[in-house]
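Visitor: Below you'll find the structure I mean.
What follows draws every value from the coordinates through simple rules; no lab data is involved. Remember, it's a predicted structure, so these values are computed and weren't measured experimentally. Note: ideal-geometry Cβ built from the backbone for every residue, glycine included; neighbour counts use all protein chains shown.
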Amino acid sequence: SSDLKYKNIKFRCALGKGSIKQKEEEGDFVTPKGKFKLLKVYYRSDRIKKINSPLKKIKIKKNMGWCNDVSSKYYNKQIKINKKINHEKLYRKDNVYDIIVVLDYNLKPIIKGKGSAIFLHVAKKKYNKTLGCIALEKNELLYLLSKIKKNTQIKIG
């Protein structure tokens with residue numbers, strides 16, 4: 001695992017299996033190097049009662065997904081789940097996506113195949129490596145969300 005720092009506080013975190021570098025393509029397991037804004041927070045309202053944060057908050061519904069289909073016009077966007085479009089489910093049995101903070105990676109403009117869904121989300125108990133996201137312990141992620149400003153950026157690498 002690695003560390004995420006906010007002001008003078010360190011948080012243990014998990015990163016992508018492909019380490020930190022310039023992201024090359026969808027599915028390369030790389031956590032992208034760079035500076036990114038924290039855009040909005042998706043959360044499971046059945047598991048998280050209150051999120052104190054200046055970011056826009058969106059409750060995760062069972063039909064929500066994030067498109068990782070490079071052939072789709074919805075690539076790297078939140079979608080209503082559709083069997084014809086490859087996606088990642090946001091409503092999961094495990095608690096990894098109880099809180100999802102969307103980073104502004106590959107959004108303006110969206111470049112197909114450059115990588116989708118770079119999130120700050122909840123870490124697994126053993127801080128297993130991610131598919132490219134940054135994962136923190138749930139209470140630490142909630143704490144971080146309560147401290148940041150609307151324009152806070154995350155610097156990776």
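Visitor: In the chain, with Lys and Arg counted as +1 and Asp and Glu as -1 at Cβ, which of these residues, C133, T152, I58, has the Cα nearest the positive end of the dipole, that is, farthest along it?
Guide: The Cα lying farthest towards the positive end belongs to I58.
Visitor: Extension gain K61-S146, at 0.36 nm per residue separation less the Cα-Cα distance, in nm?
Guide: Result: 28.3 nm gained on full extension.
Visitor: Here's a follow-up. Looking at the stretch 1-45, which GluC sites (Glu not before Pro) are in a loop (DSSP not H, G, I, E or B) and have at most 16 other Cβ atoms within 10 Å?
Guide: E24, E25
Visitor: Rounded to the nearest 20 debye, what is the charge dipole size of the stretch 1-151 about its Cα centre when +1 sits on each Lys and Arg Cβ and -1 on each Asp and Glu Cβ?
Guide: 560 debye
Visitor: A further question on this structure: Checking the table K84/K155; K37/K112; K17/K108 against a 32 Å threshold on Cα-Cα, which pairs fail?
Guide: Long pairs (Cα-Cα over 32 Å): K84/K155.
Visitor: Turning to a different aspect of this structure: Suppose every K and R has +1 on its Cβ and every D and E has -1 on its Cβ; what is the size of the dipole of the stretch 1-44 about the Cα centre, in Debye to the nearest 20?
Guide: With Lys and Arg at +1 and Asp and Glu at -1, about 420 debye.
Visitor: When the chain is fully extended, how far beyond the present Cα-Cα distance does I110 get from Y127, taking 0.36 nm per residue of separation?
Guide: Between I110 and Y127, full extension yields 3.2 nm more.
Visitor: Quick one: what do you get for the stretch 80-156 if you divide its Cα Rg by 2.2 N^0.38 Å? Let's see the in-between values first.
Guide: On the way: Rg = 13.7 Å, N = 77, 2.2 N^0.38 = 11.5 Å.
Rg over 2.2 N^0.38 Å, computed on Cα atoms: 1.19.
Visitor: Also, quick follow-up: Residues with amide H under 5 Å of E137's amide H, sequence separation 5 or more or different chain, H placed in the peptide plane at 1.01 Å from N; which?
Guide: So E137 has HN proximity to A123.
Visitor: Between D104 and residues 5 or more places away or on another chain, which pairs have amide H atoms under 5 Å apart, with H built 1.01 Å from N, and which residues are they?
Guide: Result for D104 returns K37, L39.
Visitor: Give the percent of DSSP beta bridges with both residues in the stretch 17-157 that are antiparallel, rounded to the nearest 5.
Guide: Here the share of antiparallel DSSP bridges comes out near 65 percent.
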